[in-house]
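A.B. asks: Once you've had a glance at the structure underneath, I'll fire off some questions.
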Amino acid sequence: MNELALFADQLMTTHWKSSEYAREKARKWRIDNPEKVREYRAKNRRRAYLQEARRKYGMSSEQFAEMMADQGNSCSTCRKPFSWDDKQTKPHIDHCHASGSVRGILCNRCNSVLGLVCDNKELLSALAGYLG
């Protein structure tokens, strides 16, 4: 093998092993194939969510299962049981946007409420006071 071919071989090996390159290639594929991504996620809702939890929060499936068990497989705030097939009661990992730390697992409704008030305790308290 000549020097140029050896260099090209080493470059390709290094390039393909780069996790940044692999992430970018996967991201591009997801963008180019939205229907396949949607189909996969619908068939594998729980698995896809656990992959996302690992990527976003560094949470293993074991940690997620332990947190779910600690909460009785229900929302940390309203206590409704989780269901992967129902958008409103599907589990969502709640996290602090400032620190990135995971606070618990919420249903879609409770997670949305926190997002809409921007995790502002005073605003949430004022809304509760408004209700009477």
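The values are calculated or read from the model by the stated rules, or taken from the named source; none is laboratory data. Everything numeric here is computed off the predicted structure, so don't read it as measured data. When we count neighbours, we look across all protein chains shown, and the Cβ atoms used for this are built from the backbone with ideal geometry, even at glycine.
A.B. asks: Within segment 67-89, how many residues turn out to be outside any loop (DSSP other than H, G, I, E, B) and in contact with a Ser or Thr (Cβ under 7 Å, 6 or more places away or on another chain)?
C.D. replies: 2
A.B. asks: Can I ask one more? Please enumerate the residues belonging to segment 90-118 that are under 15 Å from Met67 (Cα atoms) and assigned to a loop (DSSP other than H, G, I, E, B).
C.D. replies: Lys90, Pro91, Ser101, Cys107, listed by residue number.
A.B. asks: I'm checking my understanding of the structure. Among residues of segment 14-66 that are more than 23 Å from Ser99 (Cβ to Cβ) and in a loop (DSSP other than H, G, I, E, B), which one is modelled with the highest pLDDT?
C.D. replies: So, considering only residues that are more than 23 Å from Ser99 (Cβ to Cβ) and in a loop (DSSP other than H, G, I, E, B), the one modelled with the highest pLDDT is Asn33.
A.B. asks: Here's a follow-up. Only residues that are under 14 Å from the mean Cα position of the chain (by Cα) and surrounded by 13 or more Cβ atoms within 10 Å (Cβ to Cβ): list them for segment 50-83, please.
C.D. replies: Listed by number, the residues that qualify are Leu50, Gln51, Glu52, Ala53, Arg54, Tyr57, Met59, Ser61, Gln63, Phe64.
A.B. asks: Let me ask something else. Only residues in segment 25-49 that are closer than 17 Å to Phe82 by Cβ count as the first member; pair them with residues that are outside any helix (DSSP H, G or I) and of a type in the set (A, V, I, L, M), Cβ under 9 angstrom, at least 6 apart or cross-chain, and list the lot.
C.D. replies: Here the result reads Tyr49/Ile93, each pair linking segment 25-49 to a residue that is outside any helix (DSSP H, G or I) and of a type in the set (A, V, I, L, M).
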